[in-house]
1. Select from segment 107-122 the residues that are within 18 Å of the chain's Cα centre (by Cα) and not in a loop (DSSP other than H, G, I, E, B) and list them in ascending order.
2. For Pro135, state whether it is of a type outside the set (D, E, K, R) and under 27 Å from Val158 (Cβ atoms).
3. Yes or no: Asn89 modelled with pLDDT of 85 or more and either surrounded by fewer than 14 Cβ atoms within 10 Å (Cβ to Cβ) or assigned to a loop (DSSP other than H, G, I, E, B) (or both)?
4. With the requirement that a residue be without any contact (Cβ under 8 Å) to a residue 12 or more places away in the chain and either acidic (Asp, Glu) or closer than 29 Å to Thr166 by Cβ (or both), what does segment 124-146 give you?
5. So, in segment 136-170, exactly how many residues are assigned to a loop (DSSP other than H, G, I, E, B) and modelled with pLDDT of 75 or more?
6. Could you say whether any residue in segment 69-76 is among the hydrophobic types (A, V, I, L, M, F, W, C), under 19 Å from Arg146 (Cα atoms) and exposed (fewer than 11 other Cβ atoms within 10 Å of the Cβ)?
7. Return the residues of segment 152-177 that are free of Cβ contacts under 8 Å to residues at least 60 places away in the same chain and of a type in the set (A, V, I, L, M); say none if nothing qualifies.
8. Within the group Gly151, Gly106, which residue is surrounded by 12 or more Cβ atoms within 10 Å (Cβ to Cβ) and small (Gly, Ala, Ser)?
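The values are calculated or read from the model by the stated rules, or taken from the named source; none is laboratory data. Owing to the predicted nature of the structure, the values given are computational and were not obtained by experimental measurement. Cβ placement follows ideal geometry from the backbone for every residue including glycine, while neighbour counts extend to all protein chains displayed.
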Amino acid sequence: MYFTLTYELSSSFYVGISVAFTPQTFPDFPPSFYNFTGDEFSEDIILTVQGTKVKILNYNETVEIVFQGTNVLEGSMNHPMHLHGHSFNVVGSGFGNFDNETDPEGFNLVDPPEVTTFGVPKKGWIAIRFVAKNPGVWFWHCHLERHLSWGMNTVFIVKNGDTAETSIRPPPAYMPSCEVPSLKDWRQNDDGLDDMAI
């Protein structure tokens with residue numbers, strides 16, 4: 001379903017309009033578990049679902065995410081993932097399927113590298129951690145343009161903190177609204193005549 005938005009996403013969230021996105025429905029876990037690094041996959045795993053799901057985070061919340069690389073269509077590759085508005089620590093990485101029981105034992109929690117972009121290895125995984133301390137709406141995406149267009153992206157919304165210093169500033173009163181002209185307005189000349197009728 002597509003919407004013509006009169007608010008951009010951050011305004012939608014901060015003024016309480018949720019039609020632009022589906023709040024708090026981005027999954028905490030994959031919809032199904034399978035051998036992500038295997039050589040054969042069923043068709044229902046290969047096809048993805050497009051949506052407007054976002055992840056809403058509380059201010060100062062510690063977030064850990066494990067990205068699992070796959071071998072889907074044998075064409076997967078290293079995915080350079082990037083999060084706007086935050087730096088994060090790479091606490092672990094490895095090849096094969098991530099094992100939640102044993103792999104965290106090897107996490108580097110002493111001096112993990114701090115980055116803004118990292119590569120999820122083909123047939124491997126990478127674990128990151130960050131503190132959501134920058135309120136706002138932040139784009140999370142693969143830096144390969146084709147993958148971005150296929151939907152390898154989402155949005156994190158970091159809620160305001162308890163003080164003015166830990167909250168997003170409201171837009172200034174002089175800021176114009178983001179109004180997109182309709183197709184009809186766009187097609188008309190300055191003289192009011194419709195370009196398509198000429």
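1. Val115, Thr117, Phe118, Gly119, Val120
2. yes
3. no
4. Matches in segment 124-146: Glu145 only.
5. So the count comes out to 12.
6. Initially, segment 69-76 is screened for residues among the hydrophobic types (A, V, I, L, M, F, W, C), giving 72-73.
Now restrict to residues that are under 19 Å from Arg146 (Cα atoms): 72-73.
Going one step further and asking which of them are exposed (fewer than 11 other Cβ atoms within 10 Å of the Cβ), we end up with 73.
Yes, that holds for at least one residue.
7. Ala164, Ala173, Met175, listed by residue number.
8. Gly151
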